[in-house]
Amino acid sequence: MKGSEILRIAARWVPGATLRPFGRPVALFFHGVVPQITDARIEINHHTADAFRAIVMRLKRGFNVLPLNALDDVLKRPERHTRTVFLMADDGYANTLEVAAPILEELHLPWTLFVSTENIETGDWNPLILARLFLYFAPDGSYSVPHFQQIIDLGGADQRGTIAQSFLQGLKHLPADEAREVVSAMKCAFPAGKLDRLSCQFASERYLTWSEVEALHRRGVEIGAHAHWHWPLNEFQTLNYLREQARSARQAIASRLGSCRYFAYPFGNLGDVSTNAVHAVRDAGYTHAFTTFSGTLRSSLDPWRLPRYALRPEEPNLDSVLPMLRLADRRVARLSVNIPATC
Ligand SMILES: [Zn+2]
């Protein structure tokens, strides 16, 4: 069981009021928000609107949700910010404009959106969501996929579910150029018109366009970078690839919106972020970058490896969960290496 799961279970038994003095500033993130989930195998990244509203109303009532430009001060004096929360959304799903933004505006809550700029430009599927569509919706048959030694046999629902986990994990370990070949092969597995029909069926997976990103920015949303292509910046990627991903995403956002200070690593967990990626993000000019390790924000951390807590589909014990994130700080400290700012 993951540490964050243990923490959530423990939080059921400890009243939030008891933990209140132990709170520290935290960063929280979600992906998308949809009226309802129609297929949990594909729509893994989204909250329902009702659950999202319950979460952010809890934040509104019990915490201080601050804009990300307060981060420098919060990191310097975390003990003064025991109830401070930074709220973020990753990827750049169109439903953040259509569903999440109106709820957050109604409650006057500031938030930051991290976009993968190539996906915004092209509208291409998130590669791992496309992989899920392939695994669950490609016609029955045996498929030879580039860079995978084993034939992928797709048949009944149970068999597809069994294959999914190992296939998706293996895919994330490919260099980006090889992963793009797999994406092309998976698209070819669908009969003509099928992917278009799936696009309609899963409109939840549509990305924002640039004009929609700009509209959110005009409405006060901070826009950060989530790499150029939504792919892990892990040890399997070349140094040139990592540098280009960090540089081009920042350039694309800054050229449209004037600046881009913040970065969030795609996937962002152990095995998804290499030391070279952290260096590439730092050298590209971002002032801060966020992982998906759970923990609290404090000045001793590497500013390009800050922790964030992933909001679960439902969070009935948020008052207890957030102060308890301090229990994960020792792990974050082990994973965080201080990097001199000028090396
Ligand atoms: Zn992402």
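What to note about this one:
- Once the Cβ-Cβ distance of Asp72 and Ser144 is raised to the sixth power relative to R0 = 51 Å, the FRET efficiency obtained is 0.50.
- The calculated FRET efficiency for the pair Arg61 and Trp13, based on their C-beta separation and a Förster distance of 25 Å, comes to about 0.70.
- The chain, helix-only ellipticity at 222 nm - DSSP H runs n ≥ 4, -39,500 (n - 2.57), divided by all residues, nearest 500: -12000 deg cm²/dmol
- Taking all protein chains as shown and a probe of 1.4 angstrom, His147 keeps an accessible surface of around 90 Å².
- Taking 7 Å steps out from each Cα toward its Cβ at Asp177 and Ala164 produces label points 3.2 nm apart.
- Segment 259-324 - percent of accessible surface contributed by carbon and sulfur, probe 1.4 Å: 49
- Excluding ligands, DNA and RNA, the accessible surface per residue across the chain is 44 Å² with a 1.4 Å probe.
- Cα→Cβ-extended label distance, 7 Å offset, between Ile44 and Glu121, nm: 2.7
- Pairs of Lys residues in the chain that lie 8 or more places apart, or on two chains, and have C-alpha atoms under 30 angstrom apart add up to 6.
The values are calculated or read from the model by the stated rules, or taken from the named source; none is laboratory data. What you see is a predicted model, and the numbers here were worked out from it, not measured in a lab. Cβ coordinates were reconstructed from backbone atoms using ideal geometry, including for glycine residues, and neighbour counts include every protein chain displayed. SASA here: full protein model, heavy atoms, side chains in, ligands and nucleic acids out. Shrake-Rupley method; radii C 1.70, N 1.55, O 1.52, S 1.80 Å.
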